[in-house]
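A.B. asks: Right, I'll just put the structure down here and ask away after.
The values are calculated or read from the model by the stated rules, or taken from the named source; none is laboratory data. This is a predicted model, so every value here is computed, not measured. As a convention, Cβ positions derive from the backbone with ideal geometry for all residues, glycine included, and neighbour counts pool all protein chains shown. When the accessible area is computed, the model is the full protein with side chains, heavy atoms only, and any ligands, DNA or RNA have been set aside. Shrake-Rupley method; radii C 1.70, N 1.55, O 1.52, S 1.80 Å.
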Amino acid sequence: MSPKAFSLARSLISFIFLIFLIIPPCFGDKIYLDQIGYLPQSYKKVVVEGGRKKFFVSDEKGNKSEIEYKSLPAKDGDTGQEVFIIALGHLNGPGKYSLAFGDAKKDLIVSQNPYQDVVNSALHSFYLQRCGTAIHDEKSKMEHPACHLEDAYFLASASKSGSFETTGGWHDAGDYGKYSVPAAYTASTLLLFYSLNKEMPEDAKEQILAEIKYELDWLLTMQDKGTGGVFHKVTPLNFSPFIMPDKDDSKRYISPISSTATADFAGVMAQAYPIYLQYDKAYAKKLLEAAVRAWNFLETHPQIVPAGGFKNDPSVKTGEYGDNQDKDERLFAAVELYSATRDKKYHDYFAKNYKDVNFLDIYRVDVGWPNLVHHAYISYLLLPNDMVSPLVRKNILNDLIKLSDFLVKASLKSGFGVAMRRPDYRWGSNALAMDYAKILIYAYEFTRNMKYKNLALEHLHYVLGKNANDKCFVTGFGVNPSEHIHHRPSIASAISFAGFVPGGPNKNLQDPAVRAAFTSKTPPAVVYLDDKDSWSTNENAIYYNASFVFVAGYFVDFN
Ligand code: 9MR
Ligand code: 9MR
Ligand code: ZN
């Protein structure tokens, strides 16, 4: 290089350097927020990413204000991002606010009742999951004749033979299987939602109960008439292709009885009993009788059934929903049967056994379908005073508060203000976020301490967009929703049906699509793909939707 060219190059480099000094590059700027909206009386937290900058807010009338933040962004271990939380609690007038941070611009909506539509749509998704009936739905454009009318045949390992009538119920998820454990858990969550929101209009309540009944009716068919035990699942040997459900003619099989399915069944039937009693006495009686028969099975089988916990028959490749611990399910059954019958024997069982399952040890028993302890505890705390042992009540309330305080503490370390930690970004993490919020909502209900309610709301904001993926994790909602979920009817009809919640970030790289896109070094909270082939991050499930309805529904003003 000639001296002249060299000096030219040098000044060019210094010039570029100078430009960057004066105008810092801001292509990394981001604002993450709840894409549906915020309640007027709330903290309205948003998360910003990028260098040290001013943050501008303007309202619809053009009034502008700026916030200069003093602290430097902190590195968030779970997302790998340098982020900062800004609370805009002062924006309490309903309306649309424009936010600007460096290069990033976003609208923040403040509204009196932002979550009503998304809750309605998430509830409607259960109707779209119905099996064994024709769907002609104007709203979503889902159309198909009745499916899976032949359900089903016994596997030899179920120690029975021939066919078995078990039509109806909801398809579990993006596949067309029906599984008793998650079915009962879903119905139980929706019943908790119903019971906590008694101020809902009567027609909305009746519609929800009719939808839950659709699942209970199917669950009732899964009970073995002879023993009272409940068959674990009905699915084909392998997942069916990506076709509409009525086109799926794969032969479907009944798996053996399990004690987890039986106890979940007993619990949800007994939980449903007093609710349906107000509408239909004969039906309620049927539910309670089924619950008692299931409990009798558990009494005659005090150890887990099958030994070691349910495992798929070697010929069956569909979802296992295995669980080597049935004590939490039994506790759930005992509380609900006690509540329904006032029979002391159920209370004795609960009081004798509740300490066996450590509610705080959430990584041993997990929160969600494998662990019904939280439902058991919540239902115990909801019993009238004259039915409880003050000591048991005190102990489990303490546990609930301890766990909630642990979640509050965890949230202080999170760049996105949620209680999620590294191990939590596993299959179904969006539902886990909602289940944490569910626990926090009850902690608030039992103590009236606002810190729990506020943190529950932060988790809702997380699922609706205040997350590192910048995604609104409900199809059809927000400016950047999940669109390509692993849901057979959506794939087969090429319609993105609204109101479905996908599993969300899962660090365990459990499908080929995420394995192609990420590595084990990718920060756990961003291992998410809005891709129809990513069943480990982008499949919907009825229990994800139920937990979402519970939490978002809690923040709806139904009047
Ligand atoms: O489509 C299936 C999805 O519903 C399940 O949750 C998932 C769980 O294992 O499996 C999906 O099916 C895949 C199977 O596991 C492996 N072969 C490819 C299947 C999807 O194309
Ligand atoms: O929700 C289930 C999750 O906890 C498990 O880790 C995962 C793998 O076994 O299975 C999930 O459930 C899927 C089921 O096995 C098949 N139907 C779709 C469910 C949601 O992806
Ligand atoms: Zn079906």
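A.B. asks: Around residue 452, under 15 Å between beta carbons, what's the net of Lys plus Arg minus Asp minus Glu among the other residues?
C.D. replies: It works out to a net charge of +1.
A.B. asks: Whats the longest run of the chain with zero GluC sites (Glu not before Pro) that are DSSP loop and have at most 16 other Cβ atoms within 10 Å?
C.D. replies: Counting only loop sites that pass the neighbour cut-off, the longest clear stretch is 321-482.
A.B. asks: If one computes the Cα centroid of the range 519-559 and of the range 257-290, what distance in Å separates the two points?
C.D. replies: Centre-to-centre (Cα) distance: 29 Å.
A.B. asks: Residue-wise, which Karplus ³J(HN,Hα) couplings in Hz belong to the range 447-461, taking 6.51 cos²θ - 1.76 cosθ + 1.60, θ = phi - 60°, and x for glycine or proline?
C.D. replies: 10, 6, 8, 4, 4, 6, 5, 4, 5, 4, 5, 4, 5, 5, 4
A.B. asks: Something else about it: Could you list which residues have their amide H under 5 Å from that of residue 500, counting only those 5 or more apart in sequence or on another chain, with H placed in the peptide plane?
C.D. replies: 475
A.B. asks: What is the Cα centroid distance between the range 33-109 and the range 436-470, reported in whole angstrom?
C.D. replies: What the calculation gives is 19 Å, centre to centre.
A.B. asks: Continuing with this model, one more query. Only sites in a loop by DSSP and with at most 13 other Cβ atoms within 10 Å count here; which trypsin sites (Lys or Arg not before Pro) in the range 135-225 make the cut?
C.D. replies: Answer by residue number: 139, 141, 198, 225.
A.B. asks: Per residue of the range 196-203, what does 6.51 cos²θ - 1.76 cosθ + 1.60 with θ = phi - 60° give for ³J(HN,Hα)? Whole Hz please, x for Gly and Pro, Karplus curve as stated.
C.D. replies: Computed from phi, the couplings for the range 196-203 are 7, 10, 4, 7, 4, x, 4, 5 Hz.
A.B. asks: Please work out how much accessible surface residue 85 shows to a 1.4 Å probe, ignoring ligands, DNA and RNA, in Å² rounded to 10.
C.D. replies: Roll a 1.4 Å probe over it and residue 85 shows about 60 Å².
A.B. asks: Over 27 Å between Cα atoms: which of 64/413; 178/205; 213/507; 160/311 fall into that group?
C.D. replies: Those over the limit are 64/413; 213/507.
A.B. asks: To continue, here is another question. Residue 387: accessible area at probe 1.4 Å, nearest 10 Å²?
C.D. replies: Per-residue accessible area (residue 387): approximately 10 Å².
A.B. asks: If amide H atoms are built 1.01 Å from N in the plane of the peptide, which residues on other chains or at least 5 residues away come under 5 Å of the amide H of residue 368?
C.D. replies: HN-HN under 5 Å from residue 368: empty list.
A.B. asks: I've got another one for you. Kindly identify the range 116-554 as rounded, prolate or oblate by the Cα gyration tensor criterion: order the square roots of the eigenvalues as a ≥ b ≥ c, call it rounded if a/c is under 1.5, otherwise compare a/b with b/c, prolate if a/b is larger, else oblate.
C.D. replies: Taking the square roots of the gyration eigenvalues as a ≥ b ≥ c, the range 116-554 is rounded.
A.B. asks: Another question, if that's okay. If I model a spin label at residue 387 and residue 559 as a point 7 Å from the Cα along the Cα→Cβ vector, what separation in nanometres do I get?
C.D. replies: 2.7
A.B. asks: Quick check: from the Cα gyration tensor, does the range 279-425 come out rounded (a/c under 1.5), prolate or oblate?
C.D. replies: Oblate.
A.B. asks: Residue-wise, which Karplus ³J(HN,Hα) couplings in Hz belong to the range 293-307, taking 6.51 cos²θ - 1.76 cosθ + 1.60, θ = phi - 60°, and x for glycine or proline?
C.D. replies: Coupling constants for the range 293-307: 4, 5, 5, 4, 4, 5, 5, 7, 10, x, 9, 4, 10, x, 3 Hz.
A.B. asks: I would also like to ask the following. As a test of understanding, state the convex hull volume per residue of the range 103-213 from its alpha carbons, in Å³.
C.D. replies: 185
A.B. asks: Residues with beta-carbon under 14 Å from that of residue 244, excluding residue 244: net charge, scoring Lys, Arg +1 and Asp, Glu -1?
C.D. replies: -2
A.B. asks: Under a 1.4 Å probe, what is the accessible area of the range 30-110 per residue, stated in Å²?
C.D. replies: Accessible surface, normalised per residue, equals 49 Å².
A.B. asks: Would the range 452-519 count as rounded, prolate or oblate if I go by the C-alpha gyration tensor, calling it rounded below 1.5 in a/c and otherwise prolate when a/b exceeds b/c, oblate otherwise?
C.D. replies: Because a/c hits 1.5 or more and a/b fails to exceed b/c, the range 452-519 counts as oblate.
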